[in-house]
Amino acid sequence: MGYKLTLQELEKFSADFNKSSQNQVVARAAQKSGVLAAAYNDRVQNELTRVFSTELSTDNVTNQRQSGRCWEFATLNILRHNFGQKYHCKNFTFSQSYNFFWDKIERANNFYNYIIATASEPLDSRIVRTHLNNAGKDGGHFQMATALIEKYGVVPSYAMPESFNANNTAGFGKALGDKLKKDALVLRKLKQAGEDEKIKLVREQFLSEVYRMTAIAVGEPPKKFDLEYRDDDKNYHLDKELTPLEFLHKYMGDVDFNDYVLLANAPDHEYNKLYSLPDANNIDGTCHIQWLNVPIEYLERASVNQLKDGEAVWFGNDVGEQSDRQKGYLDSNLYQLSDLFGVDLKMSKADRLRTGAGYFSHAMALVGVDEDQGHIRQWKVENSWGEKNGDKGFFVMNNEWFKEYVYEVAVHKKYLTSEQITLAEGPAIELPAWDSLA
């Protein structure tokens, strides 16, 4: 039996609120402009400069628009910086739609595999419901993006331009999700009846339909294209009839994604452990989502070292927390909501993860850092929200925000300790599909 809310309690709450005239002043400000504007800390703009002691050469930014493809954008941004430095073409961009197309096909295939594997579980079991809830959605992880690149290669943005449905994925995602859920009922029934041979035929038919839907919505990927660009010195380059994989291996063959390790800082999990998320892989048999969970200072130092060596850093974060999208500020003291409400709203990073108040919601790229005698002051962040957000698409992040809201960074093994390199080689502790790192 729970507690009932009484009229006497409500009268007491009202009396407590009206004791202080300050509450009325704060209430008028919050109700007129909104709680975030009323709690906005103007001092942040005086503390966050846009000067960095280490800064990569960057210019234009990409725009994922109304889609959840940040993990693909951030990964391809790392790759395009590599291409830009190597071939003196800093504004070269890769097609996001190309990799988005193949992700939908591969993820549908894995969805069917998961549904068949869990056919003995009740339809309302936690694992089945998790897979059903994720059907047709966009979000992903660093290793999912690199697995797509390794299997299908990449193409320039002009070889497969953005379409309406790539930029605005809700409509197509809903249609695809509904189809996958409908197919799940058929596959579960066949598996429960032991009709494995029929499953093969039905699965192939379903995947052909998914391919058709994706080709209609996004466009069919090119099998070959001509690489044509003018470098920063205005020199013209043309290389004809390349396949996407030939392009990858010929021009970016020195990029080895197996050399990267995803360092995580998830204090709700034990440190110095390697974790994996097998139920979120998008490519069967080749994609392995793994994190080496370590204290935050290792993420900081590895990121700084990689930037100093001239390479951007992919990082996963909770961009919705303490951020000003228009001005491009990421500061842990940006909105002082506890002061506004007179209520302690602060939670530890571990508690935010445990309760779902904090989670990995976005991926971006670190392209600069500002240090003062080894002390990290702030970071330069390349986002994928277009030039109208932040400073022509670039954000500035103080290091306290990094500590609180950055959950993972993709860095080369050489920036790890020898013990961490050994741990990163496995074995990994498998996490459930609903884990806080998912």
Completion exercise
Within segment 217-237, residues closer than 18 Å to GLU106 by Cβ and open to solvent by 90 Å² or more (accessible area, probe 1.4 Å) come out as GLU220, LYS223
Completion exercise
Of LEU340, LEU423, LEU366, the only residue that is touching a residue at least 24 places away in the same chain (Cβ under 8 Å), of a type in the set (A, V, I, L, M) and within 30 Å of SER67 (Cβ to Cβ) is LEU366
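Let's see how each residue does on (1) more than 19 Å from ARG50 (Cβ to Cβ); (2) in contact with a helix residue (DSSP H, G or I) (Cβ under 8 Å, 6 or more places away or on another chain); (3) buried (at least 18 other Cβ atoms within 10 Å of the Cβ); (4) of a type outside the set (Gly, Ala, Ser):
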residue: LEU292; (1), (2), (3), (4): yes, yes, yes, yes
residue: GLY316; (1), (2), (3), (4): yes, yes, yes, no
residue: LEU366; (1), (2), (3), (4): no, yes, yes, yes
residue: VAL369; (1), (2), (3), (4): no, yes, yes, yes
residue: TRP379; (1), (2), (3), (4): no, yes, yes, yes
residue: PHE394; (1), (2), (3), (4): no, no, yes, yes
Problem - Any chance ASP226 is over 28 Å from the mean Cα position of the chain (by Cα), modelled with pLDDT under 95 and under 30 Å from HIS88 (Cβ atoms) - result: no
Exercise for the section: Filter segment 114-171 down to the residues that are charged (D, E, K, R) and crowded, with 16+ Cβ neighbours inside 10 Å, then identify the one that is nearest to ASN317 (Cα to Cα). Expected result: ASP138
Problem - Search result, residues across segment 154-163 that are part of a loop (DSSP other than H, G, I, E, B) and in contact with a Phe, Trp or Tyr (Cβ under 7 Å, 6 or more places away or on another chain) - result: VAL154, VAL155, MET160
Fill in the blank from the handout: In segment 243-272, anything exposed (fewer than 14 other Cβ atoms within 10 Å of the Cβ), part of a loop (DSSP other than H, G, I, E, B) and of a type outside the set (Phe, Trp, Tyr) is listed as GLY253, ASP254, ASP256, GLU270, ASN272
Problem - Verdict on TYR298 being farther than 13 Å from TYR407 by Cα and surrounded by 19 or more Cβ atoms within 10 Å (Cβ to Cβ) - result: no
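If the requirement is being among the basic types (Lys, Arg), open to solvent by 30 Å² or more (accessible area, probe 1.4 Å) and at positive phi, which of these qualifies: ARG65, ARG28, ARG43? Walk me through it before giving the result.
Values: ARG28 fails: at positive phi; ARG43 fails: at positive phi.
Going through ARG65, ARG28, ARG43 in turn, the sole match is ARG65.
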Exercise for the section: For LYS346, indicate whether it is touching a Ser or Thr at 6+ places or on another chain (Cβ under 8 Å), charged (D, E, K, R) and farther than 30 Å from VAL155 by Cα. Expected result: yes
Exercise for the section: Could you please give the count of residues in segment 130-153 that are over 11 Å from ALA184 (Cα atoms) and assigned to a helix (DSSP H, G or I)? Expected result: 14
Handout entry: Failed item in (1) among the charged types (D, E, K, R); (2) assigned to a strand (DSSP E or B); (3) open to solvent by less than 60 Å² (accessible area, probe 1.4 Å), with LYS240 passing the rest
Key = (3)
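The values are calculated or read from the model by the stated rules, or taken from the named source; none is laboratory data. The structure displayed is predicted, hence computed values, not measured ones. Cβ atoms come from the backbone with ideal geometry, glycine included; neighbour counts cover every protein chain shown. Quick note on the areas: whole protein, heavy atoms, side chains included, nothing else; ligands and nucleic acids left out. Shrake-Rupley method; radii C 1.70, N 1.55, O 1.52, S 1.80 Å.
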